Structure formats: structure tokens, C-alpha cells
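A quick write-up on the structure given underneath.
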Amino acid sequence: MPVRPLPALLTSALALALTALPLAGTASARPASSCSAEAIEAASPDGPDVEALCAALAGLPDHDATAALIRVGGKGSWHGAAGVRDMRTGARALEDARFRAGSTTKVVTAAIALQLAAEGRISLDGTVQRYLPGLLTDAFEPITVQQLLNFTSGLQPGASLGDTTAEMYPHRFETLTPEEVVAASVAKGPASRPGERQDYGNIHYTVLAMLIEKVTGDSYAHQAAVRIFRPLGMRHTSFPDGPDPRVHGPHNRGYEWLDGKLVDVTDWNMSDRWAAGDMISTTADLERLLTGVFRGRVVPEPQLTEMFAVPDVPGATMGAPFSPFKLNGRTVWAKTGSRPGYHTVLAATRDLSRTVVYSVNSTDARGDGEAIARRFAFPAFNR
């Protein structure tokens with residue numbers, strides 16, 4: 001099938017800031033075979049809206065994304081990919097590519113903590129002060145494991161290397177340890193009383209992972225591997241080796257608009273995100289995680305209900321860590337994740353009649369996540 005030229009917007013103006021090389025501008029991804037006219041025509045009327053999903057992928061790369069990978073499951077299944085692997089060469093996007101999964105990492109962290117609760121090794125009512133003595137100062141009231149899980153701990157954000165991609169970019173190879181992140185949070189004192197309000201943030205899950213390591217006497221990454229990845233067959237999911245900035249294995253490069261230029265942001269030390277957001281995975285592996293969790297293969301009842309329990313506090317919108325959304329009369333539970341150049345979604349109905357996992361190489365991955373989801377995830381729930 002012939003390749004399409006890059007959109008004129010890209011070919012006329014873009015340059016990669018890291019290399020100062022002009023874009024090739026002569027090649028793009030071929031349409032995924034699942035989006036051929038024959039495939040659309042043959043799609044089951046009871047399955048996903050293939051035509052709408054293919055429309056979402058059409059025209060990539062464009063101003064908003066350089067590639068996208070989508071997997072839909074449940075009652076009928078479909079998968080598609082479009083865009084480019086590398087903007088310099090125009091090489092076709094890889095459907096089995098590894099990518100930075102961002103805050104979908106929190107699903108793994110929550111699952112480990114809830115497994116430990118099911119085993120009686122921790123209590124959801126147990127406190128940080130009990131499991132991590134000396135971590136918090138006397139300024140903090142007792143904070144429970146459950147409050148870490150559902151983002152009501154009252155902890156303030158910890159140290160960071162910037163609030164925006166533009167601010168973080170010059171520091172992308174610097175290391176900020178979880179201990180430094182938490183110490184900065186503790187030094188600020190509490191933002192609110194525990195259980196008083198829900199404030200989504202990485203700090204809750206950073207402390208949670210420190211608690212996991214203390215209770216198990218093992219590294220968080222190894223606990224994730226033996227408890228989650230290996231049992232579910234997630235063979236292509238891992239964590240970076242400390243400050244290693246590379247995505248190892250086949251991957252599509254990530255890009256962001258910075259100062260009017262499309263910049264390659266693939267190589268980045270994500271160690272400061274740790275158990276809150278530095279997992280590397282594939283759409284197939286994340287589909288295994290999603291279905292394994294929802295089917296109770298990862299976390300048993302009654303602990304599993306915690307993952308979907310939105311706390312009864314003003315303004316709360318999420319459980320631990322899934323959030324409910326209403327789409328076409330159905331309740332969909334979702335978790336998003338974003339790192340520079342990569343935006344990820346896991347979403348499903350509770351009965352798994354429809355699931356969707358995507359990785360989008362968004363050029364504003366930490367920006368308007370709802371716009372990305374409306375384009376690439378919402379069509380999965382059209383019918």
C-alpha cells in the first residue's frame with residue numbers, strides 16, 4: 001500500500017530541536033490493515049464502532065499526535081495503529097511498541113497494596129506512622145493506607161523538576177529520588193486533614209510504594225514483577241533501571257511542541273515518578289492488566305472494591321485509582337497516564353463488555369487529556 005506524505009503543516013515548518021535536523025517529509029504510516037474498507041465493512045454490528053475508530057487514526061501524524069495505538073476488547077475486539085515511529089525517517093508506527101505508561105502505573109501500585117491487605121500483611125486502616133515510623137513529622141495527623149490509595153491523605157506535592165514539559169525539559173536527565181520527593185512534601189506540612197478532601201497527585205503513591213518496600217523487605221519493581229507482571233503474562237512491561245532515560249525495546253518516539261518546535265522527548269529520566277508513573281508497557285500488556293484486575297485475578301474481593309470506591313468527601317471523583325465516567329448510558333471506569341510525548345488510557349465497563357487501551361504519541365501529552373480521550377477512546381463506547 002503506498003505511503004502518504006506528511007501533512008503540509010509538518011513538512012513545511014518542523015525541525016527536531018535535539019538534532020536540528022529537518023523532517024524528512026516524504027513518508028508516513030500506511031493505514032492499519034484493520035482500517036481497510038474491507039475490514040470496516042466486515043465489522044460486526046454488535047462490536048466496536050470500527051469506522052469511528054479508524055476515523056480517529058486517520059491523518060496521523062498531525063499537529064496533535066505523531067502516532068496512536070488502540071486496542072478494543074470485550075464484546076467484539078479490534079486493534080489499530082497509525083502514524084510514524086520516527087519523525088526524521090517517517091518509518092511506520094509499531095503496533096507492538098513499548099511506551100511510557102505514566103500514571104496508569106498507579107493501578108499496579110494500588111493492586112500490590114491491596115494484595116498485601118488481602119494477605120493480612122497490612123491493614124487499610126493502618127497508618128503511615130505505623131508502617132513508616134519517622135517519615136512524617138508531628139505536624140501530621142495519622143494517615144491511613146486507604147487514604148493514600150484514594151488520594152485523601154492531605155499530603156502536599158513533593159519536590160519536582162518543573163510543572164510543565166517546557167520547565168522540565170532542561171532537567172530531563174537529572175535525578176530526583178523518591179526520598180527527596182517525599183522529604184519536600186513533609187517539609188511543607190499537611191495541605192489538609194486526612195480524609196477531608198481528595199487531591200489527586202503522585203505523592204500519595206510514592207509514599208505507598210515506600211510502605212510496600214518496608215513491609216515486604218523487597219524492591220517495589222520486583223514486587224510488581226512477581227505479583228502482577230509475571231502472573232498476567234505482561235512480558236513487555238518493566239520499570240527503568242533507576243535513572244536510565246531510555247525506552248528499551250521497540251518503541252515509537254515521543255514528541256512535544258516546545259517554543260514552536262516539535263522536539264523529541266523520548267529519552268527522559270523518570271525516576272522521580274517511580275511507582276506513581278514510570279512504568280513502560282505495551283497496549284497488549286495493559287489490556288492484560290485491565291482485564292486481570294476487573295476479573296478479580298489480581299486483587300480479590302473485598303479488597304477489589306477499593307479500586308472503584310469513590311470516597312465520600314466533597315468533590316471526590318476517583319477511587320483507588322479508577323474514575324467513573326458516563327458514556328452512552330454506560331458507566332466506564334478509567335485511568336489515564338501521561339509523560340512527555342506519551343498519553344495512555346485504560347478504560348472498561350465493570351462487566352468488561354467493552355474495554356479500550358490506547359497509547360497516543362501526543363504532542364501535548366500532559367495537556368488536554370480529555371480531548372485526546374474524546375478522539376481515541378470515546379469511539380470505543382459508541383455502541
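The values are calculated or read from the model by the stated rules, or taken from the named source; none is laboratory data. Note that this is a predicted model, so its numbers are computed, not measured. Please note: Cβ atoms are built from the backbone with ideal geometry, for glycine as well, and neighbour counts cover all protein chains shown.
Could you please find all residues in region 258-302 being hydrophobic (A, V, I, L, M, F, W, C) and surrounded by fewer than 18 Cβ atoms within 10 Å (Cβ to Cβ)? The one that is hydrophobic (A, V, I, L, M, F, W, C) and surrounded by fewer than 18 Cβ atoms within 10 Å (Cβ to Cβ): LEU258.
Can you give me the number of residues within region 353-367 that are farther than 11 Å from ALA377 by Cβ and of a type outside the set (Ser, Thr, Tyr)? Residues in region 353-367 being farther than 11 Å from ALA377 by Cβ and of a type outside the set (Ser, Thr, Tyr): 5 in total. Checking the conditions here, which among PRO302, PRO324 is touching a residue at least 12 places away in the same chain (Cβ under 8 Å), at negative phi and not charged (D, E, K, R)? It is PRO324. Considering GLY162, GLY158, the condition of being at pLDDT below 95 and either touching a Pro at 6+ places or on another chain (Cβ under 9 Å) or polar (S, T, N, Q) (or both) is satisfied by GLY162 alone. Counting the residues of region 193-231 that are of a type in the set (A, V, I, L, M, F, W, C) and over 18 Å from the mean Cα position of the chain (by Cα) gives 6.
From the list THR305, THR317, the lone residue that is outside any helix (DSSP H, G or I), polar (S, T, N, Q) and surrounded by fewer than 22 Cβ atoms within 10 Å (Cβ to Cβ) is THR317.
Out of the residues in region 114-152 meeting the condition of being part of a loop (DSSP other than H, G, I, E, B) and touching a strand residue (DSSP E or B) at 6+ places or on another chain (Cβ under 8 Å), tell me which one is farthest from PRO314 (Cα to Cα). Filtering region 114-152 for residues that are part of a loop (DSSP other than H, G, I, E, B) and touching a strand residue (DSSP E or B) at 6+ places or on another chain (Cβ under 8 Å), the one farthest from PRO314 (Cα to Cα) comes out as GLY126. Among strands (runs of 3 or more DSSP E) entirely within region 200-298, having at least 2 residues that are touching a helix residue (DSSP H, G or I) at 6+ places or on another chain (Cβ under 6 Å) and within 25 Å of ALA67 (Cβ to Cβ) singles out 255-258.
So ALA110 ticks every box in (1) within 25 Å of the chain's Cα centre (by Cα); (2) touching a residue at least 60 places away in the same chain (Cβ under 8 Å); (3) in a loop (DSSP other than H, G, I, E, B) but one. Which box is left unticked? That leaves (3) as the condition not met. Looking across region 320-333, the residues that are surrounded by fewer than 20 Cβ atoms within 10 Å (Cβ to Cβ) and either in a strand (DSSP E or B) or touching a Phe, Trp or Tyr at 6+ places or on another chain (Cβ under 7 Å) (or both) come down to SER323, PRO324, PHE325, LYS326, LEU327, ASN328, ARG330, THR331.
The criterion of being more than 21 Å from ALA56 (Cβ to Cβ), over 13 Å from the mean Cα position of the chain (by Cα), among the acidic types (Asp, Glu) and not in a strand (DSSP E or B) does not hold for GLU370.
Can you tell me how many residues in region 209-224 are more than 22 Å from ARG366 (Cβ to Cβ), surrounded by 16 or more Cβ atoms within 10 Å (Cβ to Cβ) and touching a residue at least 40 places away in the same chain (Cβ under 8 Å)? So the answer is 8. Checking region 170-185 against the condition returns no match, with no residue being in contact with a strand residue (DSSP E or B) (Cβ under 8 Å, 6 or more places away or on another chain) and in contact (Cβ under 8 Å) with a residue 40 or more places away in the chain.
The set of residues from region 51-90 being buried (at least 22 other Cβ atoms within 10 Å of the Cβ) and within 13 Å of ARG383 (Cα to Cα) comprises LEU53, VAL72.
Criterion applied to GLY337, GLY341 was being at positive phi, modelled with pLDDT of 95 or more and surrounded by 18 or more Cβ atoms within 10 Å (Cβ to Cβ), and the one residue passing it is GLY341.
So that you can scan it fast, the table gives a plain yes or no per residue for (1) basic (Lys, Arg); (2) under 15 Å from the mean Cα position of the chain (by Cα):
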site	(1), (2)
LEU304	no, no
THR317	no, no
ALA320	no, yes
THR336	no, yes
ARG350	yes, no
THR355	no, no
SER359	no, yes
THR363	no, no
PHE381	no, no
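For LEU149, state whether it is at pLDDT 95 or above and under 21 Å from THR216 (Cα atoms). Taking the combined requirement at face value, the residue satisfies it. For region 168-191, filtered to residues that are within 21 Å of the chain's Cα centre (by Cα) and not aromatic (Phe, Trp, Tyr), the residue that is farthest from ASN269 (Cα to Cα) is VAL181.
Scanning region 101-123 for residues that are of a type outside the set (S, T, N, Q) and surrounded by fewer than 18 Cβ atoms within 10 Å (Cβ to Cβ), which turns out farthest from LYS214 (Cα to Cα)? Here the residue is ALA118. Scanning region 152-188 for residues that are within 19 Å of HIS204 (Cβ to Cβ) and of a type in the set (Ser, Thr, Tyr) yields a count of 5. Scanning region 179-199 for residues that are acidic (Asp, Glu) and not in a loop (DSSP other than H, G, I, E, B) yields a count of 2.
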